[in-house]
Amino acid sequence: LLPTFWRKKLLICLDILTLVISLWFTEYILNSFSNQSFSQINSPSKYFLFILVGVFVYYFTGQYNEITRYTDNKDLYKLYYRNFFIVTAIYLINILFRFTLIKISYLFLFFIFLSFLSGTYRSLIRDFNLNTKQYKSNKKSKVIIYGAGMAGVKLCTFLQLSGKYNILAFLDDS
C-alpha cells in the first residue's frame, strides 16, 4: 500500500510508540504492586535511552527490511531475539555508564510488554495487508502443485499469501 520509504518511517514511528507504551505499562505495573517508587526510571533520559537503543537495534538488525505481508512465526521469533538484545544492551549500558540501576524485574517486564505489543501490531498490519489485497482481486486462478515436499509447501504458502491463486491439490510421484 505504501512506498518502501514511507512504510519504513511508519514502522519506526510505531516502534517508538510501542517502546514508550511498554515503558508506561512497566512503570504502572511495578508502581502498583510495590511499595517502592520507580519514578527514577521515568526520567526523559531513560525514555531517550530505551528509544535510541530500540530503534538502533531494530534498524541495524534488518527489522525494517522485511516485507510486512510475508511475515510469519519465524519473523516473530526474530523480533523476540531483537527485543532480548535491546533489553540486554540497555542493561549493559546502564552498568557501563553507571546510570541509576535498572532492576532485572523491570527489564523482564519491559521485554514481555514490548514483545507482546510489537508482535501484535505487526501481525495486525500483515493481516490488514493480506485482506486488502484479497478484496482487490476477486478472481483467483486455480492451481495444482506438483510436489508435496518442502518446495511445494513453500510455493503453496507464497501463492496463498499473494491472494491471486486458489490451491486445488498437490500431486506427488511417491
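Rule-based calculations on the coordinates, nothing more; no lab input. From a predicted model like this one, the values you see are computed outputs, not experimental measurements.
Within a straight-line Cα-Cα reach of under 20 Å, K139 can be paired with the following aspartates and glutamates, leaving aside sequence neighbours fewer than 8 residues apart in one chain: D127. For K9, the lysines whose Cα comes closer than 28 Å to its Cα, not counting residues fewer than 8 places off in the same chain, are K46, K74, K78, K133, K136.
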